[in-house]
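Input: a single structure, listed below in structure tokens.
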Protein chains: 2
Amino acid sequence: MKKTSNRPKPVLLIALGGNALIRKGQTGTAGQQLENLKVPAKQIARLSRDYRIIITHGNGPQVGNLMLQQECCDTVERMPLEILVAQTQGQIGYMIESTLDEALMEMGINAQPLVSLISYVVIDEQDPSFQKPSKPIGPAFDREKALTLPYPVIETPKGFRRVVVSPKPVTIVEKREIKALIEKDFIVICCGGGGIPVVRKGRTFDGVDAVIDKDLASARLAEEVGVDLFVIATDVQGVALDFGKPTERFLQTISLEEISRHILKDHFSAGAMLPKVEAAMQFVSGGGAQAVITHIEDLEASVRGKAGTRFLH
Amino acid sequence: MKKTSNRPKPVLLIALGGNALIRKGQTGTAGQQLENLKVPAKQIARLSRDYRIIITHGNGPQVGNLMLQQECCDTVERMPLEILVAQTQGQIGYMIESTLDEALMEMGINAQPLVSLISYVVIDEQDPSFQKPSKPIGPAFDREKALTLPYPVIETPKGFRRVVVSPKPVTIVEKREIKALIEKDFIVICCGGGGIPVVRKGRTFDGVDAVIDKDLASARLAEEVGVDLFVIATDVQGVALDFGKPTERFLQTISLEEISRHILKDHFSAGAMLPKVEAAMQFVSGGGAQAVITHIEDLEASVRGKAGTRFLH
């Protein structure tokens, strides 16, 4: 299967949003999550002919569920949040890998190396987010129930959800390994849920009770590995001005300067589109060639330049 | 860091038993598990100078805990057993990788590539074990409590524990990737908890409600990758005849023929030493050079030929 062409295939980093696994109105059974993953998996299998590929993914509902489960149960030692993130990397990594494996086999591609890696990500213990939990995780509750919960919550479009600290990613610990694997044409699934958050103290890594935004971690990884195109796959067709209003209009391409102006005018919601826009901007402003935000159904089309909102320098 | 010697380093596969993570009398907090892992991690870091290394591990208490937690909680979708195995691969893979990373840094080894992989393992859906659950997982209960449990249990030396189906591993799905990584001198952590059990049906993988014995999966991986020495690290110094009796005697080296005779005389308990002995025999009888069963404190000494019970053809 090894290609012997002299020009290596360009590298894509695809960040899969929550709807890759659980769709609106679903409870998130294992069967639903595996079925939903076929949508990106088939497209990624086709793209693998022309691109080397890194896949990252979110874990909001999954890590929230593990938190709820361990809070229900008094007979078992509770694990800190970073261990729960690690557990979701195992779960979702397996789900993506096996679904993609099947999609590759369906295309007759039987020798594509494919791995899911556990990934941890260094954050700064002075990160200002420790003063202000901001990342919603787990299920949504109504106001009445939310008032009874023993942890901080915020109101989101879906209802009231638990919030946890969400520090900025500083560096992906496995970046060298991921780069080496991509050079060998492995498809690599990594940085699940934004990575397991750790602080580095001399020669030790200490886990941190936090969740890193998966789009920002993906942008950091895209920079550190040096990818050619960074794709954020989500549940809307791209970046819109006046989203949800009669004047709503989606953007096809946008420069860093233009998008900065739209941010100042509060066009993007803090809990949804804004972190994606910031992740795309971070990659392009750091020297990355292109980033695109697209609907997961249009993943392949967006890579081919036919869908999504493309960020240029 | 890359060695340029012409002779590649021999390959070790080290299977870490449950006591690498949780010791007798411990409840298994995250802190305990990370602390306990320092014992093998320091030895593995030293061994990495002379050997290429694959690490596998058990997950019995961890997967049992996740089962208990999800049974406590009515508001969250329950996941099938193979997904819980995947979750433990994330948890324990992270714990081993970060502890080993620290041990390597302490020795001044900063560029050793190191990854934890999600691994799934094909089993045969006709496996006779489906008729008879035999693998104990999770916590131990007294007889009175055991009678009230809604699932099958067996009596073990620790008390009554839940039993699940434990089919034989047929092949490790990621064997080619693991072999390629070892050839590049990566340390690879994989096949956690014996691997995520799947049956292959044409072009799909279906997860199975079962747990594969981690020593048997490790033996299969050792064969498939072609390792030079297969080490099973546990909580006793090696294989003993008349274990626990006044006539107890530990074996230093043993041939396949001799050990077969001892098995026929019921020297080894089905829930503890027997599967380890069978795994060591499987590797050696399949053409593997040597296998050793050793105490985790003696891991390095056993590789150097100074501890444990060594299986020879």
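The values are calculated or read from the model by the stated rules, or taken from the named source; none is laboratory data. What you are looking at is a predicted structure, and each value in this text was computed from that prediction instead of being measured. Cβ coordinates were reconstructed from backbone atoms using ideal geometry, including for glycine residues, and neighbour counts include every protein chain displayed.
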Filter result (in contact (Cβ under 8 Å) with a residue 12 or more places away in the chain, more than 23 Å from A:Leu21 (Cβ to Cβ) and part of a loop (DSSP other than H, G, I, E, B)) within the range A:278-313: A:Gly286, A:Gly287, A:Gly288, A:Ala289, A:His313
Hits in the range B:185-212 (condition: at pLDDT 95 or above and among the charged types (D, E, K, R)): B:Asp185
Is there a residue in the range B:3-17 that is at pLDDT 95 or above, assigned to a helix (DSSP H, G or I) and not acidic (Asp, Glu)? no
Do we find that A:Gln33 is of a type in the set (S, T, N, Q), buried (at least 23 other Cβ atoms within 10 Å of the Cβ) and closer than 24 Å to A:Glu106 by Cβ in this structure? yes
Could you grab the pairs with beta carbons closer than 7 Å, sequence gap of 6+ or different chains, first residue in the range B:252-270 and over 19 Å from B:Gly288 (Cβ atoms), second one surrounded by 13 or more Cβ atoms within 10 Å (Cβ to Cβ)? B:His262/B:Leu241; B:His267/B:Leu241; B:Phe268/B:Leu274; B:Phe268/B:Val277
Can you name every residue in the range A:129-152 that is within 22 Å of the chain's Cα centre (by Cα) and more than 27 Å from A:Ile55 (Cβ to Cβ)? A:Phe130, A:Lys132, A:Pro133
For the range A:95-113, what are the residues that are within 18 Å of A:Leu181 (Cα to Cα) and within 7 Å of chain B (Cβ to nearest Cβ)? A:Glu97, A:Asp101, A:Pro113
I'm checking my understanding of the structure. Among residues of the range A:59-81 that are closer than 29 Å to A:Phe186 by Cβ and touching a residue at least 24 places away in the same chain (Cβ under 8 Å), which one is farthest from the other protein chains (Cβ to nearest Cβ)? A:Gly60
Go through the range B:173-277 and tell me which strands (runs of 3 or more DSSP E), entirely inside it, have 3 or more residues that are within 14 Å of another protein chain (Cβ to nearest Cβ) and surrounded by fewer than 21 Cβ atoms within 10 Å (Cβ to Cβ). B:196-201
Only residues that are surrounded by fewer than 19 Cβ atoms within 10 Å (Cβ to Cβ) and either in a strand (DSSP E or B) or aliphatic (A, V, I, L, M) (or both): list them for the range A:142-170, please. A:Ala146, A:Leu147, A:Leu149, A:Ile154, A:Glu155, A:Thr156, A:Gly159, A:Val170
Among the numbered criteria (1) touching a Ser or Thr at 6+ places or on another chain (Cβ under 8 Å); (2) free of Cβ contacts under 8 Å to residues at least 12 places away in the same chain; (3) charged (D, E, K, R), which one does B:Glu144 miss? (1)
B:Val284, sole failed condition from (1) modelled with pLDDT under 95; (2) crowded, with 19+ Cβ neighbours inside 10 Å: (1)
Return yes when B:Glu82 is touching a Pro at 6+ places or on another chain (Cβ under 7 Å) and within 22 Å of A:Gly28 (Cβ to Cβ) and no when it is not. yes
Among the residues of the range A:51-74, which ones are part of a helix (DSSP H, G or I) and β-branched (Val, Ile, Thr)? A:Val63
With (1) over 15 Å from the mean Cα position of the chain (by Cα); (2) within 14 Å of chain B (Cβ to nearest Cβ) as the list, and A:Val163 as the residue in question, which single condition is left unmet? (2)
Among residues of the range B:75-118, those that are outside any strand (DSSP E or B), touching a Cys at 6+ places or on another chain (Cβ under 9 Å) and surrounded by 24 or more Cβ atoms within 10 Å (Cβ to Cβ), counted: 3
Pick from the range A:119-141 the residues that are assigned to a loop (DSSP other than H, G, I, E, B) and farther than 24 Å from B:Val188 by Cα: which of them is nearest to the other protein chains (Cβ to nearest Cβ)? A:Glu125
Count - residues of the range B:172-211 that are more than 23 Å from A:Glu177 (Cα to Cα) and acidic (Asp, Glu): 2
Take A:Ile22 and decide whether it is part of a strand (DSSP E or B) and either at the interface with chain B (Cβ under 9 Å from one of its Cβ atoms) or surrounded by 17 or more Cβ atoms within 10 Å (Cβ to Cβ) (or both). no
A:Thr56 - would you say it is crowded, with 22+ Cβ neighbours inside 10 Å and more than 10 Å from chain B (Cβ to nearest Cβ)? yes
